[in-house]
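Chemist: I'd like to ask some things about the structure below.
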Amino acid sequence: MSDTHSNTVAYVRDTMLPQTEPPLTEKGALKWLRENLFSGWLNTGLTLIALFIIWQALMAVGPWLLNSVWNAGSLRECRDILDGATGACFAVIVDRWHQLLFGFYPRHLYWRPVLALVLLFVALSPVLFPSLPRRLLTFTAIYPFLAYHLLWGGSVWLPIGAALGFVVGALAYIGLKRVNNLLAVFGAVLAPVLWWLVLAGPFDSTMSAVLPWGLEFVRSDRFGGFLISLVIGISGISLSLPLGILLALGRQSDMIFIKSVCVVFIEFIRGVPLITLLFTASLLLNFFLPPGTSFDLILRVIIMVTLFASAYMAEVVRGGLAALPKGQYEAADALGLDYWKAQRLIIMPQALKISIPGIVNTFIGLFKDTTLVVFIGLLDPIGLSNAIRASTDWNGIYWELFIFIGLLFFIFCFGMSRYSLYLERKLKRDHR
Amino acid sequence: MKKTVFVGTFAATALVAGLANAQSTLEQVIDRGELICGSNTGQVGFGAPDADGVWQGFDVGFCRAVAAAIFDDPMAVSFVPLTSQTRFSALASGEVDVLSRNTTWTFVRDVDLQFNFAGINYYDGQGFMVKSDLGVGSAMELDGATVCIETGTTTELNLADFFRVNGMSYEPVPVDTAAEAQQQYLAGACDVYTTDVSALASSRASFATPSDHTILPEVVSKEPLGPAVRHGDDNWYDIIKWTLMALVAAEELGVTSENVAELAEGSDVPEINRLLGVEGGFGAMLGLDNEWAARAIAAVGNYGELFANTIGDNSPIGLERGMNALFADGGMMYAMPFR
């Protein structure tokens, strides 16, 4: 002590005191606890109540989870193994995981949906991460047709014929653009429709006769489980964003016809519950179609889900558009950009950036809404959990299936929300 | 993925629209190469897909018999799982050819919804299950009870009728599926679980301690379950009806899946001969060939075999034949004569 306090002047300290440890209550975990959990009598009380509830929950669920049985042929065997103790019977997941994931998809073809999922990430990567080479976008354009062929199989010429429709449209646009701009737009719309209606069918059948290439055909009613959620969810998500943007632009349009069509569509869809649309797709549509027609149920559901989501998407994007200062529009006009260029280069990049949380919100909602198809008898994971319980082996099992399904959905939804956070941070241009 | 399918289907729709009008159901089924059968989304013993995705069960077996009668292939059926809310619209709109999904034959469904019930393949009735420690011995002691009840079914209406007639009150706990009902009942959300006795028995068998639960002796309703078709195609109705008759008649006559091939060569009993197509040419009258019934029986067995293998003695559910025994054995199963 004396060497540090070498007092040359009685009342002035001219040396530094060595650093000492802060008091116990002011550092580390203790400080955090004191400040955050026990900072007053109210908070202390709430903390204690919360701890009690957590403890109770752990006591209720813990032994059940720790005691789980993973290898058994039926619920009865599980109970024999547990011998009266409480415990989860996750053996049902071991026994039926393939059904919860793939439905009744033929087992020797499981590689096809798996490959389609892996390629989905490859196709999405250039869209999600701009640092990747732009050439990958070609693959993204091909992917929908490739995925269709991988999932459903059948003749390879059907998706190729459909893809050629877009090529025909592009050619018509380029060809007619020399004549007249408006004509080119009409041509680009009409030519593919004509191709699909008139020529695609014969093209498919002749090419199939000449070169019968293709994977083994898998019928739609073999689809089920998480596969069906993903097919409906991902098609709905990827189609509803462009549709929603178009609807949002249409709603802001000065052209009265386009504006009213968009407003009526959006308000109608938003005024009707999704379940009603699904019932329409599954039941009502058949009354209008000629007898004997089979219009694929999954396709009907995808269309309805897409329409539903695009109406919500349109409103989310409209929110983004409304948040843009008017100056941005005027600046685009001042630069002499035409409507589409202004949208593409100035308006949309900003409006979409603002809308990211809303867009991802709609995506996540849409993905979870796919479980509603259980009400029209499609065997999504929830529907399959009913079917699995209806076998005599697993009758009476409940929570284990829902925990597994919940986990699967959580992984995808959490992934989406994390990506949206990453995107927001990356696109942040202000300096707050 | 999406546009392509749309295009294909659109083209197919346009094509089929031109071709298909006024085809009979049988012609449609034969053209398609398979029967489309409306089945349950999952009911223990009656219809559910197994681990390989192959549908199994009592109602499913009936559809397989029809497919065997038409195509000689019991697997030529595609099953459309239907909920109790969607089943009737699916049948009416032509989405399914036949509804074989433990559906109760009632006046309104037969007349107002315009269906034809092809007969009864299972006589059921509504019962009550309670926890044994409640000490309830009769349904008449259930005044003021909370009752788990599946919505959209005839049991819901029967329950109201039963309590009203007996001057008792109850509090309904509506649930959507049997699994949910079991869970609610076990968790104590309701004192009583009511549904068809067959379903109660299979639920009870799935509980950890079945002896803690009692099925009360009262059966409060008639639930005659059977396959249904829509109005407007009497020939198709006949095919479904007589396939069911053939299965019951086969049991009455002692024709089983084992001896059917041998008996189809010809036997001394004229009715067996007519049933199995040795004489009479009955199949041709239905628009099928004469071995139709023999194939149906060979595929799923006679009524008794189908019952035993799916919900009866040979299955873990082990339901008694009870009312579903043959008339000769004191039950109510009775085939019209093959004459």
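The values are calculated or read from the model by the stated rules, or taken from the named source; none is laboratory data. Since this is a predicted model, take the numbers as computed values, not measurements. No Cβ is skipped: glycine too gets one built from the backbone with ideal geometry, and neighbour counts run over all protein chains shown. Keep in mind that these areas ignore ligands, DNA and RNA; they rest on the heavy atoms of the full protein, side chains included. Shrake-Rupley method; radii C 1.70, N 1.55, O 1.52, S 1.80 Å.
Chemist: Roughly what angle does helix B:58-71 make with the longest principal axis of chain B, taking Cα atoms, 0 to 90 degrees, to the nearest 10?
Modeler: On a 0 to 90 degree scale, this one is about 10.
Chemist: Please go through segment B:202-245 and write out the trypsin sites (Lys or Arg not before Pro) that DSSP classes as loop and that have at most 16 other C-beta atoms within 10 Å.
Modeler: Here the sparse-neighbourhood loop sites are B:Lys222.
Chemist: Using θ = phi - 60° and the Karplus form 6.51 cos²θ - 1.76 cosθ + 1.60, what ³J(HN,Hα) does each residue of segment B:140-152 get, whole Hz, x for Gly and Pro?
Modeler: Listing the rounded values in order: 6, 9, 8, 4, x, 6, 8, 10, 7, 9, 7, 7, x Hz.
Chemist: Averaged per residue, what accessible surface does the protein assembly as shown expose to a 1.4 Å probe, in Å²? Please report the intermediate quantities before stating the final value.
Modeler: Working: 37910 Å² over 771 residues.
Result: 49 Å² of accessible area for each residue.
Chemist: Using only the Cα atoms of segment A:253-406, each taken as one equal point scatterer with no solvent, compute I(q) by the Debye sum, divide by I(0), and report log10 of the ratio at q = 0.10, 0.13 Å⁻¹.
Modeler: Values, matching the q order: -0.56, -0.80.
Chemist: Excluding ligands and nucleic acids, what accessible area in Å² is computed for A:Leu51 using a 1.4 Å probe, to the nearest 10?
Modeler: Taking all protein chains as shown, A:Leu51 has close to 90 Å².
Chemist: In the protein assembly as shown, what percentage of the DSSP-assigned beta bridges are antiparallel, given to the nearest 5?
Modeler: Around 55 percent of the beta bridges assigned by DSSP in the protein assembly as shown are antiparallel ones.
Chemist: Between B:Ser211, A:Trp394, B:Gly304, whose Cα lies farthest towards the positive end of the dipole of the protein assembly as shown when Lys and Arg beta carbons carry +1 and Asp and Glu beta carbons carry -1, centred on the Cα centre?
Modeler: Result: A:Trp394.
Chemist: Another one. What is the dipole size for the protein assembly as shown, taken about its Cα centre, with +1 at each Lys and Arg Cβ and -1 at each Asp and Glu Cβ, in debye to the nearest 20?
Modeler: 4820
Chemist: Taking θ as phi - 60°, what are the ³J(HN,Hα) couplings along segment B:257-266 by the Karplus curve (6.51, -1.76, 1.60), each to the nearest whole Hz, with x for Gly and Pro?
Modeler: Going residue by residue, I get 5, 7, 9, 5, 5, 5, 5, 5, 6, x Hz, with x marking Gly and Pro.
Chemist: Work out, in µm²/s and without decimals, the Stokes-Einstein translational diffusion coefficient of segment A:1-158 at 37 °C, 0.692 mPa s, Rh from Kirkwood over C-alpha pairs. List each step's numbers first, then the result.
Modeler: On the way: Rh = 24.0 Å.
Reported coefficient: 137 µm²/s.
Chemist: Across segment A:410-420, in residue order, what do the Karplus-derived ³J(HN,Hα) couplings come to in whole Hz, using 6.51 cos²θ - 1.76 cosθ + 1.60 with θ = phi - 60° and x for Gly and Pro?
Modeler: 3J(HN,Hα) across segment A:410-420, in whole Hz: 4, 4, 6, 5, 5, x, 4, 6, 5, 4, 5.
Chemist: Kindly identify segment A:80-234 as rounded, prolate or oblate by the Cα gyration tensor criterion: order the square roots of the eigenvalues as a ≥ b ≥ c, call it rounded if a/c is under 1.5, otherwise compare a/b with b/c, prolate if a/b is larger, else oblate.
Modeler: The shape class here is prolate.
Chemist: Further question: Using a Gaussian network model of chain A whose springs link C-alpha atoms within less than 10 Å, name the residue from A:Gly103, A:Gly233, A:Gly73 with the highest mean-square fluctuation.
Modeler: A:Gly73
Chemist: Report, in whole Å, the centroid distance computed from the Cα atoms of segment A:30-76 and segment B:120-134.
Modeler: If we compute the Cα centre of each part, the gap is 40 Å.
Chemist: Out of residues 5 or more away from B:Gln56 or on other chains, whose amide H comes under 5 Å of its own, with H placed 1.01 Å from N in the peptide plane?
Modeler: It is B:Ala48, B:Asp50, by chain and number.
Chemist: Ok, one more. For each cysteine in chain A, check whether another cysteine's C-beta sits under 4.7 Å from its C-beta; list those where none does.
Modeler: A:Cys262, A:Cys413
Chemist: Which one, A:Val264, A:Val305, A:Val360, has the greatest fluctuation when you compute a Gaussian network model over chain A with C-alpha springs under 10 angstrom?
Modeler: A:Val264
Chemist: Projected onto the charge dipole of the protein assembly as shown (+1 at Lys/Arg Cβ, -1 at Asp/Glu Cβ, origin at the Cα centre), which of B:Ile317, A:Gly45, B:Leu263 gives the Cα projection farthest towards the positive end?
Modeler: Positive-most Cα among the choices belongs to A:Gly45.
Chemist: For segment B:184-339, how big is the tail of P(r) above 23 Å, as a whole percent of Cα pairs?
Modeler: Within segment B:184-339, distances greater than 23 Å cover 49 percent of Cα pairs.
Chemist: Another question, if that's okay. Output needed for segment B:126-221: three equivalent-ellipsoid semi-axes, defined as square roots of 5 times the C-alpha gyration tensor eigenvalues, in descending order, whole Å.
Modeler: On the way: eigenvalues 67, 45, 29 Å².
Here the semi-axes work out to 18, 15, 12 Å.
Chemist: How much length is gained if the chain between A:Ile174 and A:Leu246 is pulled fully straight, taking 0.36 nm per residue apart and subtracting their Cα-Cα distance, in nm to one decimal? Intermediate values should be presented prior to the final figure.
Modeler: Details: separation 72, 0.36 × 72 = 25.92 nm, distance 2.24 nm.
Extra length available between A:Ile174 and A:Leu246 comes to 23.7 nm.
Chemist: Moving on to the next point. Quick one: work out the % antiparallel among DSSP beta bridges in segment B:126-221, nearest 5.
Modeler: Beta bridges within segment B:126-221, antiparallel portion: roughly 50 percent.
Chemist: Using only Cα atoms, tell me the angle between helix B:2-19 and the longest principal axis of chain B; keep it within 0 to 90° and round to the nearest 10.
Modeler: 60
Chemist: Quick query: amide H of B:Asp73 versus all other amide H atoms, modeled in the peptide plane; which residues come in under 5 Å with a sequence gap of 5 or more or a different chain?
Modeler: Long-range HN contacts for B:Asp73: B:Ala68.
Chemist: Can you tell me the orientation of helix A:111-128 relative to chain A, as the angle in degrees between its alpha-carbon axis and the longest Cα principal axis, to the nearest 10?
Modeler: Once rounded, the angle reads 70 degrees.
Chemist: Moving on. For chain B, list log₁₀ I(q)/I(0) at each q in 0.06, 0.09, 0.14 Å⁻¹, using the Debye formula over Cα point scatterers of equal strength and ignoring solvent, two decimals each.
Modeler: Computed log10 I(q)/I(0) values: -0.24, -0.53, -1.13.
Chemist: Other chains' Cβ within 10 Å of B:40-49 residues: what's the mean?
Modeler: Partner Cβ neighbours, averaged per residue: 6.
Chemist: While we're looking at this one, here's another question. Determine one quarter of the surface area of the Cα convex hull of segment B:14-119, which equals its mean projected area, and express it in nm² to one decimal.
Modeler: Values: hull surface 30.8 nm².
Average of the hull's projected areas for segment B:14-119 equals 7.7 nm².
Chemist: Would you work out the charge dipole size for chain A about its Cα centre, treating the Cβ of every Lys and Arg as +1 and the Cβ of every Asp and Glu as -1, and quote it to the nearest 20 debye?
Modeler: My answer is approximately 1020 debye.
Chemist: For B:Thr104, A:Thr138, give me the order by solvent-accessible area with a 1.4 Å probe, most accessible first, ignoring ligands, DNA and RNA.
Modeler: Listed by decreasing accessible area, they come as A:Thr138, B:Thr104.
Chemist: So which residue, out of A:His108, A:His98, A:His149, gets the largest mean-square fluctuation from a GNM of chain A using Cα contacts under 10 Å as springs?
Modeler: A:His108
Chemist: Taking both sides together, what accessible area is buried at the B/A interface, probe 1.4 Å, expressed in Å² and rounded to the nearest 100?
Modeler: 4300
Chemist: Take A:Asp333 and B:Ala308, extend 7 Å from each Cα along the Cα→Cβ direction, and tell me the distance between the two endpoints in nm.
Modeler: Taking the simple label geometry, A:Asp333 and B:Ala308 are separated by 8.7 nm.
Chemist: In addition: Roughly speaking, to the nearest percent, how much of segment B:126-221's 1.4 Å accessible area is carbon and sulfur?
Modeler: 52
Chemist: Within the P(r) computed for segment A:24-66, what percentage of the Cα pairs occupies the region above 14 Å?
Modeler: Here the long-distance tail beyond 14 Å is 59 percent of all Cα pairs in segment A:24-66.
Chemist: Quote the charge dipole size of segment A:22-99 about the Cα centre in Debye, to the nearest 20; the model charges only the Cβ of Lys and Arg (+1) and of Asp and Glu (-1).
Modeler: Using only the charged Cβ atoms, the result is roughly 240 debye.
Chemist: Just for the Cα atoms in chain A, what are the lengths along the principal axes, largest first, rounded to whole Å?
Modeler: Computed over the Cα atoms, the extents are 103, 76, 42 Å.
Chemist: Continuing with this model, one more query. Check B:Val80: other-chain or 5+ apart residues with amide H under 5 Å from its amide H, H built from backbone geometry?
Modeler: B:Cys37, B:Gly38, B:Ser39
Chemist: When 1/r is averaged over all different Cα pairs and the result inverted, which Kirkwood radius in Å belongs to the protein assembly as shown?
Modeler: This gives a value of 30.7 Å.
Chemist: At 1.4 Å probe size, with no ligands or nucleic acids counted, give the accessible surface of B:Lys131 in Å², nearest ten.
Modeler: About 50 Å², rounded to the nearest 10.
Chemist: Of all beta bridges DSSP finds with both residues in chain B, what is the antiparallel percent, to the nearest 5?
Modeler: Roughly 55 percent of the beta bridges in chain B run antiparallel, per DSSP.
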